[in-house]
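Let me begin by presenting the structure, written as structure tokens, before commenting on it.
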Amino acid sequence: MDGWVGRIIRVDLSRGDFAIEDLDPYQAMDYIGARGLGTKILYDEIDPKVDPLSPENKLIFMNGPLTGTGAPGGNRLVAVTKSPLTGTVTCPNTGGHLGPELKFAGYDGIIFEGKAPNPVYLWINNDEIEIRPAEHLWGKTTNETEDIIRAEIGDKWQAMDTHIACIGPAGERLVRIGAIMTDRNRVLGRGGAGAVMGSKNLKAVVVRGTGAVTVYDGQAFKETALAVLEKVPPGGGPVGELGLLAIGEMGALFSILATRNFQASVFEGWGNINMMALKTQFLVRNRGCFACCVPCARVYRVDNVEGFECAGEGAEFETHALLGAACGVDNLPAVLKAGYICNNLGMDTISMGGTLACAMELYERGYLPEKDVGYKLNFGNAQALVELVEKTGLRQDFGDVLAEGGYRMAEKYGHPEISMTVKKQEIPTWHPQAVQGTGLEYATSNRGGDHMKAFVLSEELLSGGSPETALKTEGKAAMAIHGQHRNAVIDSAGLCTVILAIAQSWDFESLTSLLETATGAGYTQESVELAGERIWNVERLFNLAAGITGKDDTLPKRILEEPQLSGAWEGHVNRLGEMLPEFYRLRGWDEEGVPTQEKLQELGLA
Amino acid sequence: MAKIKVDHTKCTGCRSCELICSLHHIDNTFNPKRARIKVYIDGEHHYPVIAGPYTDAECTAKNTVIIAGHEYDECELCRASCPAKPVFKEPGEEIPLKCDFCGDPPDPQCIKVCVTEALTLIEDTEDKEDKEDKEDKEDKEG
Ligand code: SF4
Ligand code: SF4
Ligand code: SF4
């Protein structure tokens with residue numbers, strides 16, 4: 001096979017053994033890889049009703065056919081599992097170098113089943129695969145785990161080419177927003193995959209490979225890839241120059257950044273935590289993932305602010321938006337430190353920020369007593385922010401409540417409506433009372449509140465749109481559906497959405513030529529688009545079988561009923577009701593959001 | 001004679017150069033281990049090194065190199081395909097790999113994918129002229 005390597009590892013953690021299986025080429029073709037293929041396998045192999053933290057759940061690491069190739073952004077590995085936060089299927093993806101390394105070792109993916117009796121890690125060095133004890137790593141932070149494993153390898157040349165995925169204390173303690181870290185600072189973030197890994201007593205996956213990924217037609221593939229590169233502005237444009245925070249500037253410009261738990265969309269302190277603030281104070285250098293032409297990662301170091309010393313990589317825009325603006329915190333070292341702790345303990349920064357913002361509002365409204373939380377938890381309390389992030393990762397004191405995520409916390413205090421979540425997952429920063437289509441995207445996302453599964457924002461506002469188009473509901477259903485299928489293909493191919501969006505090469509034509517020159521499997525534009533739709537529908541089928549239904553395709557009550565915003569957005573709520581029925585209809589789903597038999601037949605899912 | 005200018009400060013550690021080098025030399029194949037360029041990613045540092053000549057014995061004395069406070073292993077900065085390291089060799093074999101400027105006439109592929117211009121092609125002669133110009137000027141001024 002070209003593109004795909006053709007083999008996956010199945011690890012039975014309960015029994016402590018593994019087997020190598022061939023990839024089913026027809027299934028790979030129909031579901032492309034990574035997110036699509038992983039979801040199909042999960043749907044076929046587990047009962048969607050299982051407890052996500054039980055041994056019956058599986059954790060699937062899967063690459064796409066373009067992972068490890070020189071396609072721009074060909075670096076994605078996806079973790080597919082049933083989420084302990086939402087109860088849906090979830091599919092966080094990571095850049096960095098881990099996915100490509102796994103393919104160079106000779107594997108498209110790994111399926112983890114069962115639960116190890118004691119902590120273990122998986123060692124992969126080409127054909128040498130071992131399940132090794134990890135008692136000595138249990139309790140360690142993600143950075144410590146990296147350091148110890150690398151030191152144990154001994155040979156420095158081998159260690160430098162080894163890539164590691166691991167969980168920190170948060171995953172071990174089943175924190176529902178626990179993440180899996182890769183290459184220290186890249187992250188399989190959303191949906192609590194870290195907790196699933198922890199529930200299986202699996203501390204880390206260590207990979208080294210010296211093999212190859214081949215493509216079907218190298219010359220044509222190269223031309224296609226270079227054509228994409230040519231459309232990338234020099235140095236990666238504003239995002240390459242200033243990081244993903246450059247997108248945040250657009251959000252600030254349009255006044256759509258969630259502020260103080262979505263009670264406003266203008267954060268007066270944004271200038272203190274934005275890209276220029278980072279660049280002038282703490283930036284060390286720019287970094288990109290494997291095969292990246294829009295280096296968006298920022299290596300930073302804070303060594304002169306007492307209590308907030310930290311060094312790492314990230315400063316992702318959503319991190320600053322949620323841990324910063326949504327919590328009313330404009331102290332940059334504090335935001336960086338909070339993000340650093342999330343990485344070091346292994347947690348999703350979006351859900352962490354959203355959960356804390358919710359706690360702050362509960363506190364200010366008097367629903368959350370100070371004695372419970374241990375702080376005067378007003379918006380803007382930077383010290384509390386940093387300390388509570390740490391406590392969440394360790395499930396200490398009130399951190400034990402935060403560790404359940406915003407929805408469960410708010411429910412416990414009698415006010416679930418204060419939690420800005422969809423399907424119990426914190427929504428990203430773009431305020432859905434302004435950007436209507438983005439609201440529809442949040443509501444209908446198969447993995448709960450999320451902005452990367454269609455990125456409607458681009459079309460409705462950032463590139464080509466305007467505040468007027470953002471406020472419209474007409475046409476948004478079709479826009480969301482198109483984006484959902486397109487992004488399903490990108491995530492399944494193993495590509496980075498950011499790069500393709502910036503290069504304006506995320507149309508089905510460009511995606512098809514990358515896929516076809518790499519695999520020679522016979523992809524056409526139609527079959528690729530249909531694969532995107534198939535993937536979306538199989539996720540839906542999983543969720544329906546898990547008991548997550550059309551009723552859950554909604555937004556927080558406040559977003560639908562109480563106008564929060566000012567300026568151009570004043571008086572608006574999200575008019576989901578105007579978009580959702582059309583969305584179902586265009587999808588070929590019934591009024592309850594269930595795919596019709598006809599649709600399933602068309603997709604080969606009946 | 002053209003040469004490649006390597007600017008560590010601009011390198012993002014993306015390894016696109018390794019990938020295209022591999023594809024250019026081996027049909028339809030991406031394998032960074034078979035590339036004639038290697039990008040080291042070490043903490044806050046990234047530095048690409050282009051493969052140079054083969055040597056059958058490692059240096060008897062090695063130096064410590066410190067640049068801007070960072071201590072480098074000299075064998076990493078060194079371009080040789082050498083017994084001291086498993087770099088610039090066909091994996092599993094001792095066959096050395098060396099940058100060939102992507103053929104004759106030279107058509108370096110790595111610089112084409114290096115969007116941040118950490119790798120750029122410069123004309124050696126230009127360099128000399130620049131230097132001569134400068135010297136001329138200095139002579140006159142002096
Ligand atoms: S392509 Fe350029 S930026 Fe990327 S690793 Fe190579 S030298 Fe560095
Ligand atoms: S790699 Fe270079 S520096 Fe190191 S021993 Fe060999 S020739 Fe000497
Ligand atoms: S010039 Fe050609 S052979 Fe030399 S490192 Fe660059 S791509 Fe490889």
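The values are calculated or read from the model by the stated rules, or taken from the named source; none is laboratory data. Note that the coordinates shown come from a computational prediction; the quantities given were computed from them, not determined experimentally. Heads up, the Cβs are rebuilt from the backbone with ideal geometry, glycines too, and the neighbour counts pull from every protein chain shown. The accessibility values were calculated without ligands, DNA or RNA, using every heavy atom of the protein model including side chains. Shrake-Rupley method; radii C 1.70, N 1.55, O 1.52, S 1.80 Å.
How long are the semi-axes of the equivalent ellipsoid of chain B, defined as square roots of 5 times the Cα gyration tensor eigenvalues? Whole Å, largest first. Intermediate values should be presented prior to the final figure.
Working: eigenvalues 160, 83, 52 Å².
Gyration-tensor ellipsoid for chain B: 28, 20, 16 Å.
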Computed E for residue A:281/residue A:524 - FRET, C-beta separation, R0 60 angstrom, nearest 0.05: 0.75
Distance between modelled label sites at residue A:50 and residue A:7, nm, 7 Å Cα→Cβ extension: 2.5 nm
Spherically averaged projected area in nm², based on the convex hull that wraps the Cα atoms of segment A:92-215: 7.3 nm²
Zero-based 10 Å bins, Cα pair distances in segment A:484-555, whole percents: 19, 43, 25, 12, 0
Relative counts (whole %) of C-alpha pair distances in segment A:1-105, using bins that are 10 Å wide: 15, 46, 33, 6
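Rounded, prolate or oblate for segment A:450-606? Axes are the square roots of the Cα gyration tensor eigenvalues, ordered a ≥ b ≥ c, and the cut-off for rounded is a/c under 1.5. Let's see the in-between values first.
On the way: a/c = 2.40, a/b = 1.30, b/c = 1.85.
Because a/c hits 1.5 or more and a/b fails to exceed b/c, segment A:450-606 counts as oblate.
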Given chain B, longest segment not containing exposed loop GluC sites (Glu not before Pro) (DSSP; at most 15 other Cβ within 10 Å): B:1-43
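Two decimals is fine: what's Rg over Rh for chain A, C-alpha atoms, Kirkwood radius as Rh? Working shown, then result.
Working: Rg = 22.1 Å, Rh = 23.7 Å.
Over the Cα atoms of chain A, Rg/Rh equals 0.94.
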Extent along principal axes [Cα atoms of segment A:339-492; Å; largest to smallest]: 49, 33, 24
Gaussian network model of chain B, springs between alpha carbon atoms under 10 Å - residue of B:83, B:96, B:32 with greatest fluctuation: B:83
With at most 14 neighbouring Cβ atoms within 10 Å, loop GluC sites (Glu not before Pro) (DSSP) excluded, longest segment of chain A: A:310-473
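Quick check: residue separation of residue A:147 and residue A:14 times 0.36 nm, minus the Cα distance between them. What number comes out in nm? Write out the running numbers ahead of the final one.
Values: separation 133, 0.36 × 133 = 47.88 nm, distance 2.72 nm.
Between residue A:147 and residue A:14, full extension yields 45.2 nm more.
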Within 10 Å of each Cβ in A:496-504, the average number of Cβ atoms from other chains: 0
All-pairs Cα distance distribution in segment A:532-599, expressed in whole percent, bin size 5 Å: 3, 15, 21, 20, 14, 10, 9, 6, 1, 0
For segment A:102-170 and segment A:200-222, distance of Cα centres in Å: 16 Å
Set A:472/A:557; A:58/A:423; A:231/A:453; B:10/B:62; A:103/B:62; B:38/B:62 screened for pairs whose C-alpha atoms are more than 25 Å apart: B:10/B:62; A:103/B:62
Of all accessible heavy-atom area on segment A:436-602, the percent that carbon and sulfur account for (1.4 Å): 51 percent
Segment A:241-426: radius of gyration and largest Cα-Cα distance (Dmax), Å: 15.8, 50
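Give me the net charge for the shell around residue A:15: Cβ to Cβ below 12 angstrom, other residues only, Lys and Arg +1, Asp and Glu -1. Each step should come with its number before you reach the end.
Working: positive: A:10, A:115; negative: A:12, A:17, A:113.
Around residue A:15, the charge tally is -1.
If a/c stays under 1.5 just call it rounded; otherwise compare a/b with b/c (prolate if a/b is bigger, oblate if not). Do that for segment A:132-283, with a ≥ b ≥ c from the square roots of the Cα gyration tensor eigenvalues. Show your work: numbers first, answer last.
Numbers: a/c = 2.13, a/b = 1.20, b/c = 1.77.
Cα axes put segment A:132-283 in the oblate bin.
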Accessible area buried at the A-B interface, both sides summed, 1.4 Å probe (Å², nearest 100): 2900 Å²
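Accessible area per residue, 1.4 Å probe, Å², for the protein assembly as shown: what's the number? Before the final figure, lay out each step's value.
Details: 26590 Å² over 748 residues.
Roughly 36 Å² per residue, with all protein chains present.
Would you mind estimating how fast segment A:284-370 diffuses translationally, via Stokes-Einstein at 4 °C and 1.567 mPa s with the Kirkwood radius over Cα pairs, in µm²/s? List each step's numbers first, then the result.
Values: Rh = 13.9 Å.
So the translational diffusion coefficient is about 93 µm²/s.
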Residue A:136/residue A:396 FRET efficiency (R0 30 Å; Cβ-Cβ; nearest 0.05): 0.85
Neighbourhood net charge (11 Å Cβ-Cβ; Lys/Arg +1, Asp/Glu -1) for residue A:258: -1
Degrees separating the helix B:124-141 axis from the principal Cα axis of chain B, which is the longest one: 30 degrees
Distance cut-off 18 Å, percentage of C-alpha pairs in segment A:226-300 lying past it: 47 percent
Segment A:488-515 residues near the modelled residue A:586 label - backbone nitrogen below 13 Å, point 7 Å along Cα→Cβ: none
Rounded tilt (10° steps) of B:16-25 against the dominant C-alpha axis of chain B: 70 degrees
Segment B:99-119 versus segment A:384-457: alpha-carbon centroid distance in Å: 46 Å
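Suppose R0 equals 35 Å. What FRET efficiency, 1/(1 + (r/R0)^6) with r the Cβ-Cβ distance, do residue A:545 and residue A:226 give to the nearest 0.05? Provide the component values of the computation, followed by the final result.
Working: r = 44 Å, r/R0 = 1.25.
For residue A:545 and residue A:226, the calculated efficiency is 0.20.
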GNM flexibility winner over chain B from B:46, B:24, B:70 (Cα, springs under 10 Å): B:70
The protein assembly as shown, dipole about Cα centre (Lys/Arg Cβ +1, Asp/Glu Cβ -1), debye to the nearest 20: 1660 debye
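Roughly what percent of Cα-Cα pairs across segment A:7-208 reach past 29 Å?
That tail contains 13 percent of the Cα-Cα pairs.
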Positive minus negative residues near residue A:592 (Lys, Arg vs Asp, Glu; Cβ under 13 Å): 0
